[in-house]
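The structure appears right after this line, and notes come after that.
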Amino acid sequence: MNRIVVVGASAAGLAAAETLRREGHAGPLTLVGDEPRAPYDRPPLSKQLLSGEWRPERLDLRTPADLAALGLDLRLGVPATGLDLTERAVRLADGSTVPYDGLIVATGVRPRRLPGEGAHVLRTLDDALTLRDRLGPGQRLVVVGAGFLGAEAAAVARRLGAEVTVLEPAPVPLAHAVGTEVGRVLSQAHLERGVDLRCGVAVTEVTEDGVRLASGEVIEADEVLVAVGSLPNTEWLDGSGLSVGDGVVCDEYCEAARNVYAAGDVARWYNPLFGTSMRIEHRTNAAEQGMAAARNLLGPQARKPFAPVPYFWSDQYDMRIQAYGFLRGHDEVAVVEGDLAERRFVALYRTGDRVSGALAVGMPPKAIRQWRQSIVTGAAWNDPGSYDHGSSPSKRTQ
């Protein structure tokens, strides 16, 4: 395999490019990115960068010297606009065409938006810097969406002295992901710090003065942040022949078509560990999947299924939230250590008859890490013999 193209110059794309070189690919390697900036880290955008604790350059994933050492044909600020599987070529916005023998798609996601003008989103470095300049004591910020991104931004804004209102359509924030009781516990931290959290309300549009609710009420604000999820960047693949459905559809090897792989937030692949297709928008997964896709592309005779235990974390006020596994669609939640009311606990998640996830709040890393192996082995929920560290979670459900 001679010419390889990686489309997407963030964590997944960079990990793929580095792995290709590390695994011995010495041929032409093109890395395409829609942003003009060199690859940088995104999780700090809603935390350390938004708060002003970090300067922008601290987010750089690699130094210029590191990138130069990879010998890349680096195409930054030039989005991909099309893919021809027959001719094996990627079309770019500047009118050029890049041929390939192997392709890795790592184009990520973009924020969902609401009708109206003037709202902030939080996906790029420029997004975070623009919002940071508008926050401060007495500023009124409305955050639409109480997911992890919206909650992190709300926490930072409160620390900066802004008046914060969070609007969430669900009865309990994050209940679909972490469960109702855990969602309530996380929400309480915001209420205690003066956030005006309103659940069960739908925002229909952004206005000049704030946002309009479905009821017709206008919530006034100086700034509005929309954090209502994201969409995979797959439009450039329309008409290409690749299967697209909430992401680039891949098999367990991250392969979407012959010699075409996908990685990161844009990839929907079959994870054999959980027996289901999933698309994960977590930083750790992006890097791991980029590496896996690169190895499988280079070594088709020795391919390995990509079967990770997903991991994510979130920092809100003094809370460190960590989770392993696939929590969505769970059937039951059990607290196995600590106490919900103190916001210091470990909770396990059951899907079917097996342990599918674990989440910790305010606990040391080892408190949750010990449950990772139970997820890997698919430990039976009601079998104490499945665990090396205590009785089955069914005995400790709160």
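A compact table of results
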| item | result |
| --- | --- |
| Percent of beta bridges antiparallel (DSSP, region 9-93, rounded to nearest 5) | 55 percent |
| Carbon + sulfur, % of accessible area of region 320-382 - ligands and nucleic acids excluded, 1.4 Å | 45 percent |
| Cut-off 13 Å between beta-carbons: net charge of the residues surrounding residue 288, Lys and Arg +1, Asp and Glu -1 | +1 |
| Longest site-free stretch - the chain; sites: GluC sites (Glu not before Pro), DSSP loop, at most 15 other Cβ within 10 Å | 218-341 |
| Cα-based shape type of the chain, given that a ≥ b ≥ c are square roots of the gyration tensor eigenvalues and the cut on a/c is 1.5 | oblate |
| Cα gyration tensor shape of region 125-171, rounded if a/c is under 1.5, else prolate or oblate by comparing a/b with b/c | oblate |
| Cut-off 13 Å between beta-carbons: net charge of the residues surrounding residue 357, Lys and Arg +1, Asp and Glu -1 | +2 |
| Within the chain, percent of DSSP bridges classed antiparallel, to nearest 5 | 60 percent |
| Whole-Å distance, taken between Cα centres, linking region 106-158 and region 252-299 | 28 Å |
| Förster radius 22 Å - calculated FRET efficiency between residue 339 and residue 193 (Cβ-Cβ, nearest 0.05) | 0.65 |
| Average accessible surface area per residue within the chain, 1.4 Å rolling probe, Å² | 43 Å² |
| Mean separation of Cα contacts under 8 Å (6+ apart) over length of the chain, as relative contact order % | 15 percent |
| Prolate/oblate/rounded call for region 218-354, Cα gyration tensor, a/c under 1.5 rounded | oblate |
| P(r) tail fraction, region 141-200 - alpha-carbon pairs more than 20 Å apart, % | 13 percent |
| Sparsely packed chymotrypsin sites (Phe, Trp or Tyr not before Pro) within region 219-295, loop by DSSP, other Cβ within 10 Å at most 16 | none |
| Mean ellipticity per residue at 222 nm, deg cm²/dmol - from DSSP H runs of n ≥ 4 across the chain, formula -39500 (n - 2.57) | -6000 deg cm²/dmol |
| DSSP bridge orientation in region 18-160 - percent antiparallel, rounded to nearest 5 | 65 percent |
| Filtered trypsin sites (Lys or Arg not before Pro), region 171-280: DSSP coil and at most 11 other beta carbons within 10 Å | 258 |
| Zone residues, region 16-50, relative to residue 94, backbone N less than 13 Å from point 7 Å out along Cα-to-Cβ | 31-37 |
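The values are calculated or read from the model by the stated rules, or taken from the named source; none is laboratory data. Since we're looking at a predicted model, the values are computed, not measured. For neighbour counting, all protein chains shown are included, and Cβ atoms are generated from backbone atoms with ideal geometry for every residue, glycine included. Calculation scope for accessible area: heavy atoms of the full protein, side chains included, ligands and nucleic acids excluded. Shrake-Rupley method; radii C 1.70, N 1.55, O 1.52, S 1.80 Å.
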